[in-house]
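The values are calculated or read from the model by the stated rules, or taken from the named source; none is laboratory data. Owing to the predicted nature of the structure, the values given are computational and were not obtained by experimental measurement. Backbone-built Cβ (ideal geometry, glycine too); neighbour counts: all protein chains shown.
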Amino acid sequence: MQLKLIWFQLLFANAFAVHYQCLPYPMASVCIVEYISYRPGDVITFPTGYQQYQVKESRSKRETVSRVTAFDEVLYKAMHQPSIIEMASVHMEKLVLPPTLLLGDFAYNDIHSVNVSHAQTYQVSSLDFRDSKLTNIDFVASLVNLEMLHLERNKIRTIPGSILRLLTKLKHLYLQGNSFETIPWTDLPCGLIHLDSFWSSVKSVDFSNVSLPSLEYLNIRDNQLTAINVTALLLAAPKLKEVYLYNRQIDEFRMDAIKAELTSNNISYVENYVYPECFHDDNHEYVNGKCVKLKDFRLAPVSHCCSLSWSSEWPRYVCTSGWWSLGT
């Protein structure tokens, strides 16, 4: 009787299981799935023989947007434990990270929880959690093989140095668009090549006693910095090639001095910041690669004979000749 019950349960489960198929693709090891729906407890199956799974947005009207509320061990086993998973924009909220996964792209989701086991050794070298809802990075402490980590535009308020120290293989780190106020510079991995942390809430930087011998790219623009010691930065990162440092709280004269010091050291100082007001507001203009607010124009006592004409080289008025001048 018990065997009949088990057989009936298996037959019932198989009848209601969802069987997903791969779209035609020239690479035999890649399975592209146009649509997937999964919640813990669902019974689903996938074809065997694939090392990489990609969930792509459906181009047909037949299916709606994919929805995977949680990525767990059951789903990973149903996919036959691939080494690469790309599952972006599927409304995922929770993720149980598989120890054997090598690359995971879970961007543009609603992930607020990443579960790892401290008893496991994780092989993953690249993770993408951009545009999600993570509030901390505690789970990263177990991922000692990480080389690339995307955490931009989450809700992260602190970056613990004790966690970063463990990521000795990390080379590319993306933190922009979060809410933390400090970066533990002395705890950054020595092998770090690329660091993005613009459009955040960092209030100060201290490059003294910092060693980043491999760093080539640094972007800390649009934070809340009031000062940057470029001399200390160059000592900390001797291989630096490209930097983005513009912060509105630093006055124009200091930014010019920073640019001159970097240029003299053959470092590309990029200031290509285009703000909407530069094109839609008469009170702003684009000057030396920066969007700045124009001073109010008014007539003043004549101190130098001057008239205004339009400069085609730069979109602004310049003094040429005449009998009146601009006051301040």
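Listed here are the residues, each with its yes/no results for (1) closer than 19 Å to Asp42 by Cα; (2) over 21 Å from the mean Cα position of the chain (by Cα); (3) crowded, with 17+ Cβ neighbours inside 10 Å; (4) among the aliphatic types (A, V, I, L, M).
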| site | (1), (2), (3), (4) |
| --- | --- |
| Ala70 | yes, yes, yes, yes |
| Val74 | yes, yes, no, yes |
| Met92 | yes, no, yes, yes |
| Pro99 | no, yes, no, no |
| Asp105 | no, no, yes, no |
| Ser113 | no, no, no, no |
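Per the conditions (1) in a loop (DSSP other than H, G, I, E, B); (2) under 20 Å from Ala236 (Cβ atoms); (3) not aliphatic (A, V, I, L, M), the sole criterion not satisfied by Thr186 is (1). Scoring Gln123 on the criteria (1) surrounded by fewer than 17 Cβ atoms within 10 Å (Cβ to Cβ); (2) assigned by TED's automatic domain parsing to the domain that holds Ala236; (3) not charged (D, E, K, R) leaves a single failure, condition (2). Checking each residue in region 235-271 for being part of a helix (DSSP H, G or I) and in contact (Cβ under 8 Å) with a residue 40 or more places away in the chain picks out Ala236, Glu252. Considering only residues in region 1-36 that are outside any loop (DSSP other than H, G, I, E, B) and at pLDDT 90 or above, the one that is surrounded by the fewest Cβ atoms within 10 Å (Cβ to Cβ) turns out to be His19. The single condition among (1) in contact with a Pro (Cβ under 8 Å, 6 or more places away or on another chain); (2) hydroxyl-bearing (Ser, Thr, Tyr); (3) within 23 Å of Val30 (Cβ to Cβ) that Ser83 does not meet is (1). Here is the figure for region 160-183: residues that are more than 23 Å from Pro99 (Cβ to Cβ) and outside any loop (DSSP other than H, G, I, E, B) total 2. Could you tell me whether any residue of region 180-189 is free of Cβ contacts under 8 Å to residues at least 24 places away in the same chain, over 29 Å from His112 (Cβ atoms) and surrounded by fewer than 17 Cβ atoms within 10 Å (Cβ to Cβ)? Checked against the condition, which is being free of Cβ contacts under 8 Å to residues at least 24 places away in the same chain, over 29 Å from His112 (Cβ atoms) and surrounded by fewer than 17 Cβ atoms within 10 Å (Cβ to Cβ), region 180-189 yields no hits at all. The listed residues are Asp105, Asp110, Asp72, and the only one of them that is touching a His at 6+ places or on another chain (Cβ under 8 Å) and either in contact (Cβ under 8 Å) with a residue 60 or more places away in the chain or not hydrophobic (A, V, I, L, M, F, W, C) (or both) turns out to be Asp110.
Of all the listed residues (Arg157, Arg153), the sole one being of a type outside the set (Gly, Ala, Ser), assigned to a loop (DSSP other than H, G, I, E, B), in the same structural domain as Asn178 (by TED's automatic domain parsing) and surrounded by fewer than 15 Cβ atoms within 10 Å (Cβ to Cβ) is Arg157.
Under the condition of being part of a loop (DSSP other than H, G, I, E, B) and not polar (S, T, N, Q), the residues counted in region 64-75 number 2. For region 189-212, a residue qualifies if it is touching a strand residue (DSSP E or B) at 6+ places or on another chain (Cβ under 7 Å) and part of a loop (DSSP other than H, G, I, E, B), and the qualifying residues are Leu192, Ile193, Ser197, Phe198. Looking for something within 28 Å of Lys155 (Cα to Cα) and out of contact with any Phe, Trp or Tyr (no Cβ under 9 Å at 6 or more places or on another chain) - is there at least one such residue anywhere in region 42-55? Within region 42-55, not a single residue is within 28 Å of Lys155 (Cα to Cα) and out of contact with any Phe, Trp or Tyr (no Cβ under 9 Å at 6 or more places or on another chain).
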